[in-house]
There are 2 protein chains.
Amino acid sequence: MIKILIVDDEKPICDLIDINLSAAGYDCKSVQDGLQAIDLIEAEPFDLILLDIMLPGADGYDIMEYIRPLKVPVIFITAKHEVKDRVKGLKLGAEDYLVKPFDVVELVARVEVVLRRYNKTETILTAGDVVVDEDARKVLKAGKPVVLTNKEYGLLVLFMRNKNIALFRESLYEKVWGDEYLADSRTLDLHVQRLRKKMGWEDNLVAVYKVGYRLEI
Amino acid sequence: MIKILIVDDEKPICDLIDINLSAAGYDCKSVQDGLQAIDLIEAEPFDLILLDIMLPGADGYDIMEYIRPLKVPVIFITAKHEVKDRVKGLKLGAEDYLVKPFDVVELVARVEVVLRRYNKTETILTAGDVVVDEDARKVLKAGKPVVLTNKEYGLLVLFMRNKNIALFRESLYEKVWGDEYLADSRTLDLHVQRLRKKMGWEDNLVAVYKVGYRLEI
DNA sequence: CTCATAAATGCATCATTTTTGCCACACGGT
DNA sequence: ACCGTGTGGCAAAAATGATGCATTTATGAG
């Protein structure tokens, strides 16, 4: 799991970020001051650091100096919006820059961009309380692992990648089975039902009459 | 194998450190007083020295003076927590400072940081209580050596480098055997099972139906 | 609008097929 | 002879798909 360190002196901000990134499938830790940050970075490797500039003790720029040799990507977070600060941060080797107050969706998007740039992408899909780690080929529902067969897993991934979109029976079948769809077979239905049961999706994975199925989250 | 010398007049402390660092794959020796320490350091090279300040005979600072020209990194261990002691130790050239009582996890982490700083990192993989030293081609389970055959070792390294990731049978086979995978062979399974048994990984090295295997730690 | 009807989907059960676990033993190099 | 390795065979486990029937839905005739 990808590990992200959040360094910000305002606990509520840390928590906000933590909640959103955790929901997106990342493993987050947060600290409120610079020295703690350095201790943690030394103790365990992180894949990404979100760093506030204004910190008690060592400020963000100091920490940046320390982090740079470790080649861990850093996104700065700050209330400052002046160009010179932005430039200073990027010169120090930051990968990106977020200005408070920021939109959480934007935050997650930028995190993903930076991680992709560093090839630290685990392919993680989320929908409600379900998390799918495509590398591990593991599925978690409310934090607990769910064991799926291949067909079920294939369907799951398709649905998760197309949340709230109705998928044609033919398209589903051909992508999971790699075979042409036979109109009068109960096979697809059957597997959809088994998936519904295992995921507790009796109400979420709905049939679209004459079309196929849709995952509603 | 990386060699670490522990210098502390309290034998139980030495043993505690020894056990933990050994489990992490290091080769430890310990002595209880300063003069013995100097003798050992002269006799064989160490990669790192953990040095207690309060010692009978020559104290830690004296030993530090002696060690400094050898360019061996030193981590101080002490009950003193005053800033002036910390400064004194660091001025003498210590790489880090641990205050008793310390957490063993922290100890191991600091040791690793210092060794990394000195580029004394052997390629060591860890997963749970298993340590693999790729340079020495040695495997430890809970500190005890495990003897593996070539194929088993090859598989082990692949799994350890890809913890919690499902690996395809084809990929495993081709990387370890360097040969194309024959779908109906029981060879891979067999070696996976042998590895499971030797490592006590009956529950960790799981089959992913139709895909391959995954090491869960 | 109501209701019959056909089509589509839900679902339980069972047989079949595929995959994996694992034992015994054979082979070949040292 | 010993060790590492691989084969064959078989059992166990898991996944898959067919069948039959119930239930739901859409739709158009009345």
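FYI, it's all coordinate maths here, none of it is from the lab. Every value quoted in this text rests on a predicted model; they were computed, and no experiment measured them. A quick note on method: Cβ atoms are made from the backbone with ideal geometry, for glycine too, and the neighbour counts reach across all protein chains shown.
Mark the label point 7 Å from the Cα of B:THR123 along Cα→Cβ and return the residues of the range B:1-28 whose backbone N is within less than 16 Å of it.
Under 16 Å, as judged by backbone N against the label point of B:THR123, lie B:1-2 of the range B:1-28.
Relative contact order of the range A:124-215, please, whole-number percent, based on alpha carbon pairs below 8 angstrom and at least 6 residues apart.
27
Would you please state which residues of the range A:189-217 a label at A:ILE165 would reach in this model, taking the label point 7 Å out along Cα→Cβ and a backbone N cut-off of under 13 Å?
Once the point is set 7 Å along Cα→Cβ of A:ILE165, A:214-215 turn out to lie under 13 Å by backbone N, inside the range A:189-217.
Using a label position 7 Å from Cα in the Cα→Cβ direction, what is the ascending list of nm distances from A:THR149 to the same site in the other copies?
In ascending order, 3.4 nm.
How big is the C-alpha Rg of the range B:94-137 next to the rule-of-thumb value 2.2 N^0.38 Å, as a ratio?
1.32
With the radius of gyration and the Kirkwood radius both derived from the Cα set of chain B, what is their ratio Rg to Rh? Write down the numbers at each step before the final one.
Working: Rg = 21.4 Å, Rh = 19.3 Å.
Result: Rg/Rh = 1.11.
5 Å is the cut-off here: which amide hydrogens, built 1.01 Å from N in the peptide plane, fall below it relative to A:SER30, excluding neighbours closer than 5 in sequence?
A:ILE6
Measuring label to label, 7 Å along Cα→Cβ, what does A:PRO45 give against each other copy in nm, shortest first?
2.6
Starting at the first residue of the range B:194-199, write each ³J(HN,Hα) from the Karplus equation 6.51 cos²θ - 1.76 cosθ + 1.60 with θ = phi - 60°, in whole Hz, x for Gly and Pro.
5, 5, 3, 5, 5, 8
Rounded to the nearest 500 deg cm²/dmol, what is the calculated helix-only ellipticity per residue at 222 nm for chain A, with -39500 (n - 2.57) per DSSP H run of length n ≥ 4?
For chain A, the value works out to -12500 deg cm²/dmol.
Over chain A, what is the relative contact order in whole percent, taking alpha-carbon pairs under 8 Å and six or more residues apart?
13
Roughly how far apart, in whole Å, are the Cα centres of the range A:30-72 and the range B:173-192?
Distance between centres, Cα-based: 45 Å.
Based on other C-beta atoms within 10 Å, arrange B:SER30, B:SER171 from fewest to most.
Ranked by crowding around the Cβ, least crowded first: B:SER171, B:SER30.
Given a Förster distance of 60 angstrom, what is the FRET efficiency for B:VAL105 paired with A:GLU180, based on the Cβ-Cβ distance and rounded to 0.05? Intermediate results must be reported in sequence, preceding the final value.
Details: r = 56 Å, r/R0 = 0.94.
Efficiency, rounded to the nearest 0.05: 0.60.
log₁₀ I(q)/I(0) of the range B:13-67 at q = 0.17, 0.24 Å⁻¹, via Debye over equal Cα point scatterers, no solvent, to two decimals?
-0.54, -1.01
Between copies, how far apart are the B:TYR118 label points? List them in nm, one decimal, shortest first, with each point 7 Å from Cα toward Cβ, please?
Label point to label point, same position, other copies: 2.8 nm.
May I ask for the distance between the Cα centers of the range A:201-217 and the range B:103-155, given as a whole number of Å?
That distance is 49 Å.
Counting pairs of alpha carbon atoms under 8 Å apart in space and at least six apart in sequence, what relative contact order in percent does the range B:3-121 give?
With pairs under 8 Å counted, the relative contact order is 23 percent.
Give or take rounding to whole Å, what are the principal axis extents of the alpha carbon atoms in the range B:125-215, in descending order?
37, 24, 19
Using the C-alpha atoms of the range A:3-117, what convex hull volume per residue, in cubic angstrom, is computed?
Value for the range A:3-117: 90 Å³ per residue.
What's the FRET efficiency of B:TYR209 with B:LEU90 using the Cβ-Cβ distance as r and R₀ = 51 Å, to the nearest 0.05?
Approximately 0.40, to the nearest 0.05.
Where the convex hull is taken over the Cα atoms of the range A:110-163, what is its projected area averaged over directions, in nm²?
Details: hull surface 16.5 nm².
That works out to 4.1 nm², a quarter of the Cα hull's surface.
Two decimals is fine: what's Rg over Rh for the range B:162-217, C-alpha atoms, Kirkwood radius as Rh?
0.94
With N denoting the number of residues in the range A:148-190, provide Rg(C-alpha) divided by 2.2 N^0.38 Å, to two decimal places.
With N residues counted in the range A:148-190, Rg over 2.2 N^0.38 Å equals 1.10.
Just from the alpha-carbon atoms, what are the Rg and Dmax of the protein assembly as shown in angstroms?
According to the Cα coordinates of the protein assembly as shown, Rg and Dmax are 26.6, 90 Å.
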